[in-house]
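Notes follow the structure.
The values are calculated or read from the model by the stated rules, or taken from the named source; none is laboratory data. Bear in mind that the values here come from a model prediction, so they are computed numbers and not experimental data. With ideal geometry, Cβ positions are generated from the backbone for all residues, glycine too; neighbour counts draw on all protein chains shown.
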């Protein structure tokens, strides 16, 4: 019953929560690497944001990835400025739980990061991820350059065909668009599974292999 009560429709500008002008307090540095969450980042570093359901497990996938400089979790793709976790979970802000991935494009490619994204969760479930139901658990890719946006659209088209061909999967529902404001989540959410190794992780890989698009290497 709890899951059924979760809203699956995004709020409008008229119905979204008001939010606040002041950012909520977050951690200064990454619990694992010690690097600053809010920068400065190295020259040439690029940033992409992904939503894969609960952001605790999703962030862990990326922070140890070769070429990734730092990660953080937060709220993306919604309407309410500087929301709290409780507000996002209400479904009244329009945000999804997102992971910020800051990476060195000389050490990894956006295609390789997208491959990890598509293989390690189910991007066909709409406003849910497994038993986690609600708009904050939707699959999403938010880009910060035209090159990233093109790569994301190519990846979605390529991987959508793979999922449709696999028994039991429908069309990919991943939201792909240029990134809007990213609001850092509260400090206790940052690198949560490094602080709490036995903590909840709702990610479930599909078993569908997603090869890199032709002409793109990892």
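Criterion applied to 103, 137 was being farther than 17 Å from residue 178 by Cβ and out of contact with any helix residue (DSSP H, G or I) (no Cβ under 9 Å at 6 or more places or on another chain), and the one residue passing it is 137. None of 67, 94 is touching a helix residue (DSSP H, G or I) at 6+ places or on another chain (Cβ under 9 Å), free of Cβ contacts under 8 Å to residues at least 60 places away in the same chain and on the phi > 0 side of the Ramachandran plot except 67.
Could you tell me whether residue 143 is in contact (Cβ under 8 Å) with a residue 24 or more places away in the chain and under 19 Å from residue 73 (Cβ atoms)? Give the derivation first.
Values: in contact (Cβ under 8 Å) with a residue 24 or more places away in the chain: yes; under 19 Å from residue 73 (Cβ atoms): yes.
So residue 143 fits the description; yes.
Based on this model, can you work out whether residue 204 counts as within 30 Å of residue 27 (Cβ to Cβ) and crowded, with 16+ Cβ neighbours inside 10 Å? Spelling it out, it is not the case that residue 204 is within 30 Å of residue 27 (Cβ to Cβ) and crowded, with 16+ Cβ neighbours inside 10 Å. All told, residue 19 falls short of being out of contact with any helix residue (DSSP H, G or I) (no Cβ under 7 Å at 6 or more places or on another chain), closer than 25 Å to residue 173 by Cα, surrounded by 13 or more Cβ atoms within 10 Å (Cβ to Cβ) and at pLDDT 95 or above. Here residue 110 clears all of (1) farther than 24 Å from residue 200 by Cβ; (2) more than 13 Å from the chain's Cα centre (by Cα); (3) surrounded by fewer than 22 Cβ atoms within 10 Å (Cβ to Cβ) except the condition numbered (3). When segment 155-193 is filtered for residues that are over 22 Å from residue 136 (Cβ atoms) and buried (at least 16 other Cβ atoms within 10 Å of the Cβ), the ones remaining, listed by number, are 155, 158, 159, 160, 162, 163, 169.
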